[in-house]
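K.L.:
Below is one structure. I have some questions about it.
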Ligand code: 57M
C-alpha cells in the first residue's frame, strides 16, 4: 500500500523514489513484521491462556515433554497476522505472486487452525483425521499448482542444481509435482515442530535464503549472468519473505526454550506451504531439499521409522521419530538439539547459495 501511496509522490519529494527498490522495502518489511510480532506477542499469549488454548501432550512422548502440558498453542496466528499486515503495507499489490502466497498462507493456515481447534475442544492431541487433513491440504495445493501452471511468465521446466544444461520440461506433470512439493513441505515443517524453536528457526533461515533467490530470479540481468531462470515479477516475493523473516524472529522471541507459546499446526502448515510455493515460483524447487534439509531429514526419519517398524513387527531404527526425539532420548538437552539443528540449517543454506555459482 505504501508503495502505491508514496512512490507516485517522488515528483513532489525525490526521497520517495526509494520505494521502487525491492531491497529497501524488504529491509523495512523485516523490521515492520518484527516490531508487530514483538508488540502483539505477550498479548497474544495472554489471550490464548484466557481462552485455555493449551497444548495436550501425548502419553507416548519423551518424559521431558510432560512439563509442557498447557503451554498456549496456535501462536502461529500471530505469525500469520504480522506477515499479512506487513506484506499488504510494503508490496506492490498488483503483483500476482503476492496474492498466491497470501492464498497459500490462509489456506494452509485454516487447515492447521481447524486441527488445532479440534484438539483443544476435544481436550486431547487428536484433531482432524489424517485423511481429512491431507485431503484439504491437497485441494488448497491444487489451486496453487494450477495458478502457477497458468501464470504467464512461469514455465514448467525443472531447475536441477549444479547442472545448468539439465532443464527438463515437466509439462502437465508440473501440477502433481507442485502438489508434492507444497504438501510435502507443509507436513515436513509440521513434523519438525516438536521442540521449542525447532521449526521457526530453520523456517526463518530458509526464508532468508529464498529472499536472495527471489531477488536474483526476478532480476533479468543477474539471472542471465548466473544462468538461473528469470521469472518476471518474482522479485516482489523478497518483500513477502522479508515479512516472514521478521515475523519468524519475533515469534522466536516467545517460542525460544523454554517456550511460552507453540505455533500449532496453524503456523507449521502455513509456513511449510509458503516455503513449497516459493520454491516453485522462484524455480528453485530441488534446491528446497538442500535449504530445507532439516525438514527433509525429519520427514525421512519418520518414513524410515514407520516403514521399518511395520516391516520388522516393532523394531525401530531410531529411539523415536522424528529424529529430534532420538537425540533427546540419547540424552542431549533440548536446547542443544535445537541450536545444532539451526547451525545445520545455516550451513545447508550457504551450500545452496553456492549452488547458484557452481553450475
Ligand atoms: C506434529 N507435533 C508435536 C505443537 C506444535 C507419524 C508420527 C511421526 C506423527 C508425529 C506427529 O504426531 N507429529 C505432529 C508434531 C507437538 O507439537 C504440537 O504440534 C504443533 C506442530 N504440529 O506447534 O502445538 C509436541 O511437540 C512439542 N513441542 C515443543 N515445542 C514447540 O515449540 O516442545 C512443539 C512445539 C508438543 C510439544 O511436546 O506437544 C509432536 O511431537 O506431536 N508423531 C510424533 O512426532 C511422535 N512420534 C512417534 O509417534 N514416533 C513413533 C512412530 C514414528 C512409530 C516411533 O518413533 O516409534 C512424537 N511426538 C509426541 N509424542 N508428541 C513422540 C510421541
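Where a number appears in this text, it was derived from the coordinates with a stated rule and is not lab data. Just so we're clear, the structure is a prediction, and the values are computed from it rather than from any experiment. Cβ coordinates were reconstructed from backbone atoms using ideal geometry, including for glycine residues, and neighbour counts include every protein chain displayed.
K.L.:
Using only the alpha-carbon atoms, how far is helix 200-217 inclined from the longest principal axis of the chain? Give it as 0 to 90 degrees, nearest 10.
P.N.:
Taking the Cα atoms of the chain, the angle to 200-217 is about 20 degrees.
K.L.:
Arrange the peptides 334-347, 71-84, 156-169 so that the one whose residues have, on average, the most other Cβ atoms within 10 Å appears first.
P.N.:
Packing proxy ranking, top to bottom: 71-84, 334-347, 156-169.
K.L.:
Right, something else. Under the rule a/c < 1.5 gives rounded, and otherwise a/b versus b/c splits prolate from oblate, where does the stretch 286-336 land using the Cα gyration tensor?
P.N.:
oblate
K.L.:
I've got another one for you. Stretch residue 43-residue 21 to full length: gain in nm at 0.36 nm per residue minus the Cα-Cα span?
P.N.:
Result: 4.5 nm gained on full extension.
K.L.:
Right, something else. With contacts defined as alpha carbon pairs under 8 Å and 6 or more residues apart, what's the relative contact order of the chain in percent?
P.N.:
Averaging sequence separation for qualifying contacts and normalising by length gives 25 percent for the chain.
K.L.:
Next question, about the same structure. With a ≥ b ≥ c the root eigenvalues of the C-alpha gyration tensor of the stretch 64-107, is it rounded (a/c under 1.5), prolate (a/b larger than b/c) or oblate?
P.N.:
prolate
K.L.:
Still on this structure: So what's the angle, to the nearest 10 degrees on a 0 to 90 scale, between helix 76-90 and the longest Cα principal axis of the chain?
P.N.:
0
K.L.:
From the helices alone, meaning DSSP H stretches of at least four residues, give me the mean residue ellipticity at 222 nm for the chain, per-run term -39500 (n - 2.57), in deg cm²/dmol to the nearest 500.
P.N.:
After summing the helix terms and dividing by the residues of the chain, the value is -21500 deg cm²/dmol.
K.L.:
Express in whole angstrom the spacing between the alpha-carbon centres of the stretch 222-255 and the stretch 1-39.
P.N.:
16
K.L.:
Determine the shape class of the stretch 87-154: with a ≥ b ≥ c the square roots of the Cα gyration tensor eigenvalues, call it rounded for a/c under 1.5, and otherwise prolate if a/b is greater than b/c, oblate otherwise.
P.N.:
Because a/c hits 1.5 or more and a/b fails to exceed b/c, the stretch 87-154 counts as oblate.
K.L.:
So for 170, 51, fewest C-beta neighbours within 10 Å to most, what's the order?
P.N.:
51, 170
K.L.:
Same structure, new question: Which value in Å does the Kirkwood hydrodynamic radius of the chain take, with 1/r averaged over all unlike C-alpha pairs and then inverted?
P.N.:
One over the average 1/r among Cα pairs gives 20.8 Å for the chain.
K.L.:
If the chain between residue 31 and residue 257 were fully stretched, how many nm would it gain, using 0.36 nm times the residue separation less the Cα-Cα distance?
P.N.:
Net length gain for the segment: 79.1 nm.
K.L.:
Would you order 104, 297 from fewest to most other beta-carbon atoms within 10 Å of each residue's own beta-carbon?
P.N.:
With the fewest neighbours first, 104, 297 line up as 297, 104.
K.L.:
Output the 0 to 90 degree angle, nearest 10, between the alpha-carbon long axis of helix 293-311 and the longest principal axis computed from the alpha carbons of the chain.
P.N.:
40
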